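Colleague: Have a look at the structure that comes next, please.
The values are calculated or read from the model by the stated rules, or taken from the named source; none is laboratory data. Just so we're clear, the structure is a prediction, and the values are computed from it rather than from any experiment. To get the accessible areas, we keep the full protein, side chains included, count just its heavy atoms, and leave off ligands, DNA and RNA. Shrake-Rupley method; radii C 1.70, N 1.55, O 1.52, S 1.80 Å.
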Amino acid sequence: HCRKLRVKNPILTNEELGKIRDISTGAFKTKEIAVLFDACAGETGFISVVKEICTQAEEAIEKGCSFLILSDRGTDENTIALPMLLALSAVHQHLIQCGLRSQAGLVVESAEPREVHHFALLFGYGADCINPYLAYRAISYLEEQKQISLDYEKAVKNYRKAVTDGILKILSKMGISTLRSYRGAQIFE
């Protein structure tokens, strides 16, 4: 009952997210939940998708999944993503109400987070780890265009360190010493 997956940095690289996505050993199983809906569905479609992702999360945990990846990949002209903060907080609150929140980790795969504040909000609303894939793609693009002098790996390392340091600064200003205490607390100044 106390098996845990240890990650050194809650800001996941694409490779680290891939390892979590592919994990299926013993007590660990992963379920990916798309937070996408039809662009023409309107308000009723929006609300029904929020309810559907909450139901999918609950069912996945009941089937033994220990990691839920909320992903906004796959958007196009007909399919758009829910705002990740809304999707994450809806799932987090739903799982709390069902008494299942402590049984699974919520991993966010999103194009939205770029700044420290974005990450802090996602952690504050229940994310255990975050993969900002669009930020990494932007770093790759800048490196390809020779707009930064660092290689891709070093630039990603610097970005992750800057985000992590920014989150620690936010926590310390609030008198919180660990990300675990901040995660899901929904305390904001």
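Colleague: For the chain, what does the accessible surface come to per residue with a 1.4 Å probe? Please give it in Å².
Modeller: Result: 56 Å² per residue.
Colleague: Work out how much length ARG180 to GLU16 would gain on full extension: take 0.36 nm times their residue separation and subtract the Cα-Cα distance, in nm to one decimal.
Modeller: Residue separation times 0.36 nm, minus the Cα-Cα distance, leaves 57.1 nm.
Colleague: Rounded to the nearest 10 Å², what accessible area does THR75 have for a 1.4 Å probe in the complete protein model?
Modeller: Taking all protein chains as shown, THR75 has close to 80 Å².
Colleague: Calculate what fraction, in whole %, of the accessible area of the range 1-139 sits on carbon and sulfur atoms when a 1.4 Å probe is rolled over the protein chains.
Modeller: Of all accessible area on the range 1-139, carbon and sulfur atoms account for 53 percent.
Colleague: Oh, and also: Using Cα-Cα distances under 8 Å and only pairs 6 or more residues apart, what relative contact order does the chain have, in percent?
Modeller: That works out to 21 percent.
Colleague: So, one more: How long is the gain from ALA162 to ARG6 if the chain were fully straight, where each residue apart is worth 0.36 nm and the alpha carbon distance is subtracted?
Modeller: Length gained between ALA162 and ARG6: 54.1 nm.
Colleague: Here's a follow-up. Please give the calculated 222 nm ellipticity per residue for the chain, where each DSSP H segment of at least 4 residues contributes -39500 (n - 2.57) and the sum is spread over every residue; nearest 500 deg cm²/dmol?
Modeller: It comes out at -15500 deg cm²/dmol, rounded to the nearest 500.
Colleague: While we're here: Please work out the ratio of the alpha-carbon Rg of the chain to 2.2 N^0.38 Å and round it to two decimals.
Modeller: 1.04
Colleague: OK, next. Take every Cα pair under 8 Å in the range 86-130 that's 6+ residues apart, average their separations, divide by the length, and report that relative contact order as a whole percent.
Modeller: Over the range 86-130, the number comes to 50 percent.
Colleague: Say we join alpha carbon atoms closer than 10 Å with springs in a Gaussian network model of the chain; which of GLY124, GLY166, GLY105 then has the biggest fluctuation?
Modeller: Fluctuation is largest for GLY166.
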